[in-house]
1. Determine which lysines satisfy two conditions relative to LYS352: a Cα distance under 19 Å, and not lying fewer than 8 residues away in the same chain.
2. In this model, which of LYS197/LYS300; LYS233/LYS359; LYS24/LYS300; LYS329/LYS384; LYS69/LYS258 are farther than 23 Å apart at the alpha-carbon?
3. Counting only Cα atoms, I'd like the Rg/Rh figure for the stretch 349-424, Kirkwood definition for Rh.
4. For the chain, which longest stretch is free of loop sites, where a loop site is one of the chymotrypsin sites (Phe, Trp or Tyr not before Pro) that DSSP puts outside H, G, I, E and B and that has at most 14 other Cβ atoms within 10 Å?
5. Let me make sure I get this right: for the stretch 13-131, a, b and c are the square roots of the gyration tensor eigenvalues over alpha carbons, sorted descending. Under 1.5 in a/c it's rounded, otherwise prolate if a/b > b/c, else oblate. Which is it?
6. According to a simple spin-label model (label point 7 Å from Cα along Cα-to-Cβ), what is the distance in nm between GLU310 and LYS69?
7. Using the Cα atoms of the stretch 64-165, I'd like the radius of gyration and the largest Cα-Cα distance, Dmax, both in angstrom.
8. Using a 7 Å offset from the Cα along the Cα-to-Cβ direction at both SER160 and ARG389, what is the distance between the two label points in nm, to one decimal?
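FYI, it's all coordinate maths here, none of it is from the lab. These numbers were taken from a predicted model, which means no experiment stands behind them. With ideal geometry, Cβ positions are generated from the backbone for all residues, glycine too; neighbour counts draw on all protein chains shown.
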Amino acid sequence: MAKGAAKVRIAAGTKPAVSPLAPKSFAKLPPLAGVRLATGEAGVRYAGRTDVLMVTLAPGTQAAGVFTKSKTASAPVDWCKAQLKSGTARALVVNSGNANAFTGKAGLAGAQAVAQAAAGVLGCRSGEVMLASTGVIGEPLPSERITRILGTLAESGSASHWRAAAEAIMTTDTYPKMATASAEIDGRKVTINGIAKGSGMIAPDMATMLAFVFTDANLPAAVLQELLSAGVKGSFNAITVDSDTSTSDTLILFATGKGASHPVIAKANDRRLADFTRKLDAVLLDLALQVVRDGEGAQKLIRIDVAGAESDDAAKRIALSIANSPLVKTAIAGNDANWGRVVMAVGKAGEKADRDRLKISFGNQLVAENGERAAKYNEAAATKAVSGREVQIAVDLGFGKGAARVWTCDLTHGYIDINGSYRS
């Protein structure tokens, strides 16, 4: 994509070319009891595109969330963190095009206006309306453009508008991100549906860019919170595109309790939740990997496995050091089996490492061991291992039991094209 073309795309709001790493087919999410979705065009930033999502939730819906740890969090993040203390929700309103971040007192006022308007339409408390915004930072939110269409959205909600919902929250995304799963709780079937958005400014320090997961299971907020906090560790907190943590990262899990009846479960470690927990984790990972596959300008998905570290946390930090290295990411982009850059990334991580115990592999090709290039190193085989759409890098520190897995993407000129003209 030429730089000028990227600028035109962003300025006009037209659709970019779909990432070559996109799923071959999109998940078809079934209706979920207690959830109605509607989307509309408010003109928050661009004309001629849906940019507001309103989800109406059944009375009694329980909710839990995880949010960015950024010290410059957006107004919607602050709002949700405060309101979720009650554990209940009746609606979710999301806008794209404007992040409502670093907008001062006006930002909070705008968030409150949207929540109050939605509450007025639905006849609930404003504190039961969850909010999220994504887009440009530092621009005042034109909240009145959003509030004036909420009545219409509330009336037009449908249980089947999942794809439209996923598309409405996109910014530089090239495709909608959706996932679904069926699970059993004490022999009763329940459904889990999720949507997400994210493409750049991806290095979650909590969960993801924006992601919303819904289930018709009957689970209390405390249980949802424990399951969600654990589930993001191996999914949204194990991905990175560009090492930048967003001001707006939000992941909220809603449980309407309107599905098949099952016994009330009060603890997250209840064995009757085993299948539900596995399926929830699978949905979270599915959505997280879709985000990485849609990394701005990405041409390759890279999986990094680190073993033999001093601890799991140490392994995670080493894996992220590799995943966030521009030199590693550009080498992979250029089909260059430059394992020396992986050595560099391991060394700079600040964790315990021993040069002479370190092993590095690209795919099934061992490229470094015993403090030097592998004895049977094959340049052609190593190059082939980093030349496909999916690349695997494995590192073994050789002295501990700590292990971690993270995912990232390559770094191409497309990333510069998109971000160099993002506000234009």
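1. Leaving aside lysines fewer than 8 places away in the same chain, those within reach of LYS352 are LYS316, LYS401.
2. With Cα atoms farther than 23 Å apart: LYS233/LYS359; LYS69/LYS258.
3. 1.10
4. After excluding every exposed loop site, the longest remaining stretch is 103-398.
5. Oblate, because a/c is 1.5 or more while a/b does not exceed b/c.
6. Modelled inter-label distance: 1.8 nm.
7. Cα only, the stretch 64-165: 13.2, 37 Å (Rg, Dmax).
8. Simple spin-label model gives 3.0 nm for this pair.
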